[in-house]
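See structure below.
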């Protein structure tokens, strides 16, 4: 059986268990985001629905540039059960501003709609393929960026992310809360807008949110291997199904902020044979070998 899990923090469940924390207590400590439920045996990764994702913030207010500007504002922190919310809590606590702004959790409307209707000043959200020149917001966010001409990323601030890492060692030990750099021009390319959604030369988000396709460790190694092998052999079909992200997806389909050891043995064999990088180690390998400036030059020349 293969299923999709709307989080990538399964390793935190084991950490909480080792500490003697119940699943319900783990929810309160931002270590479990499925309402206090766990899956036993722990599922293993295969590939990602939203690879190399990052938790970030968006605003329509040009005066809100960093997380420190939230004071006195209305901030949508995310939806219950989604990993945007706990990461938003960790970051605002690390910034020392929690309690100094109106904290909104959930709501009848999506975050982008609340932002567009001016119900909130800032909304927590996410980026897919974070760190790539074609890193992208969600389709809904890109639509607002196009319609308004003034949708901006809000910098989470590298110092704040470092503080969040220091405050939450269990997350860091499991490969979570990495700092990811955004460059001017990022997000705008994928949204196809002619203004800078990332306004500074560098801004920061923290890797965390990846919707993973997973399976039981008891699943047949041969079956999972052949599924992965088939994906690798037919990977160019992505150009037909979702051409707007296929170029990046084909490089990063297995990039999640989890170690390679969290992947099923069958899929590890398939990805290794196909030369597809995966897990945290794969992200770091990709970063070391990716020439950002050359990519941007080629992309701009092709426009």
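The values are calculated or read from the model by the stated rules, or taken from the named source; none is laboratory data. It should be emphasised that the depicted structure is a prediction, and the values quoted were computed from it without experimental measurement. Methodologically, a virtual Cβ is constructed for each residue, glycine included, from the backbone with ideal geometry; neighbour enumeration extends over all protein chains shown.
Just one residue in the set 172, 160, 180 is assigned to a helix (DSSP H, G or I), on the phi < 0 side of the Ramachandran plot and modelled with pLDDT under 95; that residue is 172. Could you please let me know if residue 214 is part of a strand (DSSP E or B) and crowded, with 20+ Cβ neighbours inside 10 Å? The answer is yes for residue 214. Just one of the listed residues (122, 39) is touching a residue at least 60 places away in the same chain (Cβ under 8 Å) and either on the phi < 0 side of the Ramachandran plot or not assigned by TED's automatic domain parsing to the domain that holds residue 245 (or both), and it is 122.
Residues of the stretch 58-83 that are crowded, with 23+ Cβ neighbours inside 10 Å and either within 30 Å of residue 264 (Cα to Cα) or in the same structural domain as residue 221 (by TED's automatic domain parsing) (or both): 83 alone. Looking across the stretch 234-276, the residues that are in a helix (DSSP H, G or I), farther than 12 Å from residue 46 by Cα and without any contact (Cβ under 8 Å) to a residue 24 or more places away in the chain come down to 235, 236, 237, 238, 239, 240, 241, 243, 246, 250, 272. Just so you know, in the stretch 92-111 the residues that are touching a strand residue (DSSP E or B) at 6+ places or on another chain (Cβ under 7 Å) and surrounded by 15 or more Cβ atoms within 10 Å (Cβ to Cβ) include one that is nearest to residue 127 (Cα to Cα), and it is 111.
All conditions in (1) farther than 27 Å from residue 246 by Cβ; (2) modelled with pLDDT of 90 or more hold for residue 146, with the sole exception of (1).
Right, residue 16: in contact with a helix residue (DSSP H, G or I) (Cβ under 6 Å, 6 or more places away or on another chain), modelled with pLDDT of 95 or more and farther than 22 Å from residue 140 by Cβ or not? The answer is no for residue 16. Could you please find all residues in the stretch 75-92 being closer than 16 Å to residue 109 by Cβ and in contact with a helix residue (DSSP H, G or I) (Cβ under 9 Å, 6 or more places away or on another chain)? Within the stretch 75-92, 75, 76, 77, 78, 79, 84 qualify.
Can you confirm whether the stretch 117-135 contains a residue that is within 20 Å of the chain's Cα centre (by Cα), outside any loop (DSSP other than H, G, I, E, B), modelled with pLDDT under 90 and more than 30 Å from residue 296 (Cα to Cα)? Looking through the stretch 117-135, none of the residues is within 20 Å of the chain's Cα centre (by Cα), outside any loop (DSSP other than H, G, I, E, B), modelled with pLDDT under 90 and more than 30 Å from residue 296 (Cα to Cα). Which one is nearest to residue 177 (Cα to Cα), of the residues in the stretch 250-265 that are in contact with a helix residue (DSSP H, G or I) (Cβ under 6 Å, 6 or more places away or on another chain) and surrounded by fewer than 17 Cβ atoms within 10 Å (Cβ to Cβ)? Top of the filtered list is 259. Under the condition of being within 30 Å of residue 192 (Cα to Cα), out of contact with any strand residue (DSSP E or B) (no Cβ under 8 Å at 6 or more places or on another chain) and modelled with pLDDT under 90, the residues counted in the stretch 253-282 number 1. Exactly one residue out of 154, 193 is more than 22 Å from residue 45 (Cβ to Cβ), in a strand (DSSP E or B) and either touching a strand residue (DSSP E or B) at 6+ places or on another chain (Cβ under 6 Å) or not assigned by TED's automatic domain parsing to the domain that holds residue 248 (or both): that is 154. Of all positions in the stretch 166-186, at least one carries a residue that is without any contact (Cβ under 8 Å) to a residue 24 or more places away in the chain and either closer than 23 Å to residue 246 by Cβ or within 16 Å of the chain's Cα centre (by Cα) (or both). What are the residues in the stretch 146-161 that are in contact (Cβ under 8 Å) with a residue 40 or more places away in the chain and closer than 18 Å to residue 57 by Cβ, if any? Passing the criteria: 148, 150, 151, 152, 153, 154, 155, 156, 157, 158, 160, 161.
For residue 26, the conditions (1) under 19 Å from residue 187 (Cβ atoms); (2) assigned to a helix (DSSP H, G or I) all hold with the exception of (1).
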